[in-house]
1. When you check VAL79 against the structure, is it at pLDDT 90 or above and surrounded by 15 or more Cβ atoms within 10 Å (Cβ to Cβ), yes or no?
2. So, THR99, is that one β-branched (Val, Ile, Thr), out of contact with any Cys (no Cβ under 9 Å at 6 or more places or on another chain), open to solvent by 40 Å² or more (accessible area, probe 1.4 Å) and more than 20 Å from MET28 (Cβ to Cβ) or not?
3. Pairs needed: first member in region 98-124, touching a residue at least 60 places away in the same chain (Cβ under 8 Å); second member anywhere, surrounded by fewer than 17 Cβ atoms within 10 Å (Cβ to Cβ) and not hydrophobic (A, V, I, L, M, F, W, C); C-beta distance under 7 Å; at least 6 residues apart or different chains.
4. Please go through region 16-52 and pick out each residue that is exposed (fewer than 13 other Cβ atoms within 10 Å of the Cβ) and either small (Gly, Ala, Ser) or assigned to a loop (DSSP other than H, G, I, E, B) (or both).
5. Pick out the one residue from ASP132, ASP100, ASP122 that is at negative phi and modelled with pLDDT under 95.
6. If a residue has to be of a type in the set (Asp, Glu) and over 17 Å from the mean Cα position of the chain (by Cα) to count, how many in region 74-94 make the cut?
7. What is the residue count in region 150-164 for residues that are over 14 Å from ASN107 (Cα atoms) and either in contact with a Pro (Cβ under 8 Å, 6 or more places away or on another chain) or surrounded by fewer than 16 Cβ atoms within 10 Å (Cβ to Cβ) (or both)?
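The values are calculated or read from the model by the stated rules, or taken from the named source; none is laboratory data. What you are looking at is a predicted structure, and each value in this text was computed from that prediction instead of being measured. Here the Cβ is made from the backbone with ideal geometry for all residues, glycine too, and neighbour counts use every protein chain on show. For accessibility, only protein heavy atoms count, side chains too; no ligands or nucleic acids. Shrake-Rupley method; radii C 1.70, N 1.55, O 1.52, S 1.80 Å.
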Amino acid sequence: MEHVDLDLDPRNPGQLKIDKLQLVGGQMWLNVAAQTSYTNKILILRDVAISNDERIRELRVDASRIAERKLAFSLDYPVGAGTLSGSFALNEAQSSLNTDLHLRAENIPLGVINKYAALPEDFIRGHIEKLDVDLSGLISSPRTWQGKLIAQISNFQQRGTTFDRGIFQISAANGTAVLQTGDILQGENESHLRGTVELPATFKDFGRTPTTLEIAGTAA
C-alpha cells in the first residue's frame, strides 16, 4: 500500500484513502476510498470505491476479541448484476489457525477469479450461477476440515476445457472429502462424476492419499 490515510476515531465517522493498493498476486487499484467507523475494535469500511465501476458495499474487520486471539472478517461485495458475500473467522489453536469460512455468490462472472489470482484476463471464463461454501478446521491440517461446497456453473471455458453447465456438490467430514455430485453437460453429452479422497494431515501430502473416482456418461 502507498500513501494510506486512515482516521480511527471511536467517536466520529471517518474516511479511508489509499493512493495505491496492490495484492501479492499483482492485482492493483488506485485512489481507493471508503467511509469508515471504528468502535469497540471493530473497523467497518462502507462504500469502498476500488475503481470507477467497482465498489465493495461493506468490509468489516472485528478485532473485539483479539485478546482471545480471535479475529473475524465479513464482506458484502456486489459484482456486476450479482453478489458475493461471506464471513471468515480465525483463532489460534494447536500452533495453527482454526478457521470458520462461509461464502455465498450468485450470478457473478467466473472471470473474477482471474483478477484476484493474477491469472491472464481470459484464462477462465464462464458464469457462477450459485456458490455456497461452509468450511471449518485447522488451515494447516486438511484432515480436520468439515463442511460442504455447492456450485452451479454455466458456459465454462478454460483453454481446452469447455462445458455448458456444471453442478457440483462436495462434502468433507471425518478426514474424507466426498464428491457427491459432479454433473457436467456439454450439448447432448453428459458426464457424471462421483468419488472420495482421504484428506491428508498436511498440505504437502495432497495427491498421496487414497482416492477413488467413478465416471459415467452418455455421448450423442
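1. no
2. When the stated conditions are applied, THR99 does not pass them.
3. Short answer, once both residue conditions are applied: LYS115/GLN27; TYR116/GLY25; TYR116/GLN27; ALA117/GLY25; ALA118/GLY25; ALA118/GLY26; ALA118/GLN27.
4. LEU23, VAL24, GLY25, GLY26, ASN40, SER51, ASN52
5. ASP122
6. 1
7. Within region 150-164, residues that are over 14 Å from ASN107 (Cα atoms) and either in contact with a Pro (Cβ under 8 Å, 6 or more places away or on another chain) or surrounded by fewer than 16 Cβ atoms within 10 Å (Cβ to Cβ) (or both) number 7.
Condition check ((1) surrounded by 15 or more Cβ atoms within 10 Å (Cβ to Cβ); (2) at pLDDT 90 or above) across all residues:
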{"site": "ALA117", "(1), (2)": "no, no"}
{"site": "THR144", "(1), (2)": "yes, yes"}
{"site": "GLY166", "(1), (2)": "yes, yes"}
{"site": "GLY175", "(1), (2)": "yes, yes"}
{"site": "GLY182", "(1), (2)": "yes, yes"}
{"site": "PRO200", "(1), (2)": "yes, yes"}
{"site": "THR212", "(1), (2)": "no, yes"}
